[in-house]
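Have a look at the structure below, then the notes.
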Amino acid sequence: MKLNRRNFVLASGATALLACRDRQPQDSALPTGSPVREAEPAPWDQPPGEPDASIFSWSLQVGDVGPDSAICSCRCTLESGNLTLVRADGNQWVEDQYIENVLTNNGVLQHSLKDLSPDTAYRLVWTNTERTLRSPVGRFRTALAEDQDRVLVFGVSSCLGSTGAPWPTLSHAADAELDFFVLGGDTVYADGSLNRADYQAVWDKAMARQGLVDLSASTSLVVAWDDHEVDNDWFEEDLIEGQYQAAVDVYRERMPQKVGPDGSLYRSLQWGRTLEIFILDCRGERGPGWSQMMSPEQLQWLISGVQNSSARFKVVVTSIQVTDWSTMLKDALDTSRWSGHPEQRQALLEGVAEVEGLIWVTGDMHFGALTYVDPEGGTAAHQVEVMAGPAGSRVNPIPGFFTGDASQYPHVLSEADLWTWCRFVCDAELGTIAVEFRDNANAIVASEILAL
């Protein structure tokens with residue numbers, strides 16, 4: 001019998017097959033799949049200088065890597081710093097670049113690396129000008145070249161509230177040496193902040209916590225924001241002069257990222273033929289009174305980008321849920337979800353309805369879930385959304401009280417103190433994405449293999 005959205009097998013503690021649009025993985029007695037990543041050398045054990053946590057606070061960050069580029073940053077109390085970059089060459093590390101006299105801006109060293117090699121492991125360290133004192137050592141991999149394909153493994157979480165700090169889920173993710181990690185929104189809770197100093201203090205506190213220190217040193221980050229990076233459920237008309245820009249500036253400094261179209265926060269990153277990731281801004285373009293989810297320009301950019309992507313998988317990071325939760329949550333907090341903007345939601349879902357390999361990734365509501373976007377018969381009844389996290393915010397118990405038909409929501413993880421991160425394994429040749437929800441002990445609490 002061919003699998004569809006209603007007759008797949010679900011078993012507690014086991015991996016099941018969840019097929020979308022009546023698709024199955026490639027039929028083959030011995031499927032070969034995409035090639036896997038080559039082993040990396042042992043961690044770089046001879047960086048220059050001695051560690052100094054007072055000068056180089058927290059860890060360091062690498063963001064939005066491409067096949068030949070990356071943006072790296074580190075908090076530093078000096079006026080300038082030097083950057084040493086080594087790359088994997090067989091089973092050893094060889095020096096690749098040495099950049100001198102990078103000036104500190106607002107307490108942060110930031111530099112855009114160029115001329116890197118695709119799908120290559122790198123390690124880096126920031127030092128003082130004498131190379132006697134240094135930051136922790138960081139690691140990242142560059143993206144695949146346009147014509148490359150291999151199995152990609154990445155992580156996702158969101159909502160780094162203080163209840164579950166210091167976020168051991170992120171430390172476990174760091175141990176995996178992932179290709180990249182997505183922070184899907186509410187990385188900080190800056191509620192009540194008004195100016196640059198306020199936002200800096202909130203980010204400084206979050207980035208000094210062990211989970212985020214470990215994670216940001218272990219792999220590159222792909223970040224989206226939600227409301228709490230500015231204020232809780234903020235309205236444009238309620239912000240004071242300069243507040244929004246202060247929030248954006250500090251966010252970009254602390255989380256290095258590319259600038260999107262016309263200076264926007266939304267953007268896309270491609271990892272060869274395997275996947276393209278679309279990072280949305282679902283908060284900054286809502287307009288007065290939340291008149292829209294996003295600008296018409298961003299909406300059209302997303303639809304066109306997904307339709308025309310050459311990658312096998314299209315991963316859309318939306319801090320706000322696309323899934324129709326009305327069966328379970330009725331109209332509660334409806335405007336905080338795409339369903340509160342039905343015209344834009346329908347235009348989006350109709351625009352990407354025929355696209356293969358699409359998966360939605362989100363956070364925000366403080367529980368983990370794997371759902372179908374629409375109920376049976378809806379435009380996106382065949383599409384899957386994964387709600388990853390929370391990493392530390394108090395878990396929302398409301399879904400646990402639902403007793404109705406939950407077939408649209410195969411996995412809902414709302415137990416108290418169940419903080420999670422999601423591990424995604426993407427195999428373009430097989431057309432599958434394996435999803436695992438992992439808890440504070442790094443145990444798998446739910447999993448699926450999606451046939452896309």
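The values are calculated or read from the model by the stated rules, or taken from the named source; none is laboratory data. In this text, all values refer to a predicted model and were calculated from it rather than measured experimentally. Here the Cβ positions follow ideal geometry from the backbone for every residue, glycine too, while neighbour counts run over all protein chains shown.
Structure summary
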| item | result |
| --- | --- |
| Filter result (within 29 Å of VAL153 (Cα to Cα), crowded, with 23+ Cβ neighbours inside 10 Å and of a type outside the set (D, E, K, R)) within the range 214-249 | LEU215, SER216, SER218, THR219, SER220, LEU221, VAL222, VAL223, ALA224, TRP225, HIS228 |
| Filtered residues of the range 399-444 (kept if more than 20 Å from VAL384 (Cβ to Cβ) and aromatic (Phe, Trp, Tyr)) | PHE401, TRP419 |
| Matching residues, the range 123-147, being under 20 Å from the mean Cα position of the chain (by Cα) and of a type outside the set (A, V, I, L, M, F, W, C) | GLY138, ARG139, ARG141, THR142 |
| Among (1) surrounded by fewer than 21 Cβ atoms within 10 Å (Cβ to Cβ); (2) among the β-branched types (Val, Ile, Thr); (3) in a strand (DSSP E or B), the one test that THR163 misses | (3) |
| Extreme residue, surrounded by the most Cβ atoms within 10 Å (Cβ to Cβ), among residues of the range 305-339 that are of a type in the set (A, V, I, L, M, F, W, C) and assigned to a loop (DSSP other than H, G, I, E, B) | ILE320 |
| Members of the range 111-138 found to be over 30 Å from THR420 (Cα atoms) and not in a loop (DSSP other than H, G, I, E, B), listed by number | HIS111, SER112, LEU113, TRP126, THR127, LEU133, ARG134 |
| Neighbours by Cβ (under 8 Å, 6+ apart or cross-chain): first from the range 339-358, of a type in the set (S, T, N, Q) and at pLDDT 95 or above; second in a loop (DSSP other than H, G, I, E, B) and surrounded by 15 or more Cβ atoms within 10 Å (Cβ to Cβ) | GLN344/GLN292; GLN344/MET293; GLN344/MET294; GLN346/THR379 |
| Counted residues, the range 173-189 - those being in contact with a helix residue (DSSP H, G or I) (Cβ under 9 Å, 6 or more places away or on another chain) and under 25 Å from PHE278 (Cα atoms) | 10 |
| VAL156 vs. criteria touching a Cys at 6+ places or on another chain (Cβ under 6 Å) and either modelled with pLDDT of 95 or more or surrounded by fewer than 22 Cβ atoms within 10 Å (Cβ to Cβ) (or both) | yes |
| Matching residues, the range 349-406, being in a loop (DSSP other than H, G, I, E, B) and polar (S, T, N, Q) | THR379, GLN383, SER393, ASN396, THR403 |
| Candidates GLU276, GLU229, GLU253, GLU237, filtered to the one that is among the charged types (D, E, K, R) and free of Cβ contacts under 8 Å to residues at least 40 places away in the same chain | GLU276 |
| Residue count for the range 272-304, restricted to those that are within 28 Å of ASP238 (Cβ to Cβ) and in a loop (DSSP other than H, G, I, E, B) | 13 |
| Whichever residue in the range 279-297 is crowded, with 23+ Cβ neighbours inside 10 Å and closer than 20 Å to LEU183 by Cβ and, among such residues, is farthest from the chain's Cα centre (by Cα) | MET294 |
| Failed item, numbered, when GLN148 is tested on (1) outside the structural domain of SER54 (by TED's automatic domain parsing); (2) more than 30 Å from GLY368 (Cα to Cα); (3) crowded, with 23+ Cβ neighbours inside 10 Å | (3) |
| Residue check for VAL352: farther than 22 Å from LYS330 by Cβ, in the same structural domain as ASP439 (by TED's automatic domain parsing) and under 18 Å from the mean Cα position of the chain (by Cα) | no |
| Members of the range 139-159 that are under 19 Å from PRO41 (Cα atoms) and assigned to a strand (DSSP E or B) | ARG139, PHE140, ARG141, LEU152, VAL153 |
| Residue in the range 75-94 that is among the hydrophobic types (A, V, I, L, M, F, W, C), within 26 Å of ASP198 (Cα to Cα), under 26 Å from the mean Cα position of the chain (by Cα) and buried (at least 19 other Cβ atoms within 10 Å of the Cβ) present | yes |
| Count - residues of the range 166-208 that are part of a helix (DSSP H, G or I) and either touching a Pro at 6+ places or on another chain (Cβ under 7 Å) or farther than 17 Å from GLN243 by Cα (or both) | 12 |
| The range 404-425 residues that are within 21 Å of GLY184 (Cβ to Cβ) and in contact (Cβ under 8 Å) with a residue 40 or more places away in the chain, paired with ones that are of a type in the set (Lys, Arg) and assigned to a strand (DSSP E or B) (beta carbon under 9 Å, 6 or more apart) | THR420/ARG438; TRP421/ARG438; CYS422/ARG438; ARG423/ARG438 |
| The range 369-384 - residue that is among the hydrophobic types (A, V, I, L, M, F, W, C) and out of contact with any helix residue (DSSP H, G or I) (no Cβ under 9 Å at 6 or more places or on another chain) and, of those, farthest from LEU348 (Cα to Cα) | LEU370 |
| Sole residue being in contact with a helix residue (DSSP H, G or I) (Cβ under 8 Å, 6 or more places away or on another chain) and not β-branched (Val, Ile, Thr), chosen from ASP249, ASP331 | ASP249 |
| Residue match in the range 380-388 (condition: in contact (Cβ under 8 Å) with a residue 40 or more places away in the chain, surrounded by fewer than 23 Cβ atoms within 10 Å (Cβ to Cβ) and over 19 Å from SER157 (Cα atoms)) | yes |
